[in-house]
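These notes concern the structure reproduced below.
The numbers here are math on the coordinates, done by the rules we state, and not lab data. All values derive from a computational prediction rather than experimental measurement. Quick reminder, even Gly has a Cβ in these numbers, built from the backbone with ideal geometry, and neighbours come from all protein chains shown.
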Amino acid sequence: MNVVYLHGFASGPSSAKAAFLAARFRQSGISFEIPALDEGDFPNLTITRQLNVVGQVVAGRPAVLIGSSLGGYLAALYAARHSEVEKLVLLAPAFDFSRLWRRLISDAEMAEWRRTGWRKVYHYSQGLERDLSYQLIEDASTYEPFPDVSQPTLILHGRDDSVVPITSSYEFASARPNVAVLALRTGHEMTDVLDRVWREAARFLGIRVGSLPI
């Protein structure tokens, strides 16, 4: 099994979730890759560029994609276009990404971002504010809000997520019998339920871990 982990927005390969899951999968003898989706150029981040990075890593091989937040949306977009993706595990996936931004910031802030072309955002992995081009929103608006994936998909989403409402995952799953949603007692970061995330992902992927029943 080849697993590729797609980190969230303004995050990176060293995030807490990525590091935790990498250790668990690798201890189970499973390949686990974590590409830097911004390729070191966060200010000019776009959905298209990130999907190209995913394509370079998957390279046409059978793969399982695990995606967190924006990484979850990217995983679904990629899987809808590439049949070599076998399964998806999505953690609080940020479906309808461009519209989600309009929920998170005011109309005035969005208009200013569009006018100037740039906005300061906090980069969690780097621990500082970085400039971000408005081309991210322009590019994201060209992609479908809910990719039509056909692969078996498990979504783990926090009931108390204030960034990406769990209702978006329920909406995504409502017309897709191949998608299951598991609501967890947590928020968007999910760092307090990582053991549960690992166990549920392992169960879904058919990985036997110690006394874990599959």
Practice problem: Between Arg196 and Asp160, with labels modelled 7 Å along Cα→Cβ, what's the label distance in nm to one decimal, could you check? | Solution: 1.1 nm
Exercise. Round to the nearest 0.05 the FRET efficiency obtained for Arg99 and Asp131 when R0 = 25 Å and r is the Cβ-Cβ distance.
Key: 0.65
Quiz prompt | Packing-based ranking, highest mean first, of 137-146, 1-10, 176-185 given that Cβ atoms within 10 Å are counted | solution = 1-10, 137-146, 176-185
Quiz item: Where the Cα atoms of region 48-142 are projected onto their three principal axes, how long is each span, largest first, in whole Å?
Solution: 43, 28, 22
Quiz item: What is the packing order of peptides 150-156, 113-119, 92-98, 29-35, taking the mean over residues of other C-beta atoms within 10 Å and listing the highest first?
Solution: 92-98, 150-156, 29-35, 113-119
Practice problem: Sort out for me the Cα centre separation of region 88-159 from region 164-214, rounded to whole Å. | Solution: 21 Å
Exercise. Averaging sequence separations of C-alpha pairs under 8 Å and six or more residues apart, then dividing by the length of the chain, give the relative contact order as a whole percent.
Key: 20 percent
Quiz prompt | Convex hull of region 62-214 built on C-alpha atoms - directionally averaged projected area, nm² | solution = 10.2 nm²
Exercise. Determine the percent antiparallel among the DSSP beta bridges restricted to the chain, to the nearest 5.
Key: 20 percent
Quiz item: Which length gain, in nm to one decimal place, applies between Gln27 and Lys120 when the Cα-Cα distance is subtracted from 0.36 nm times their residue separation?
Solution: 29.6 nm
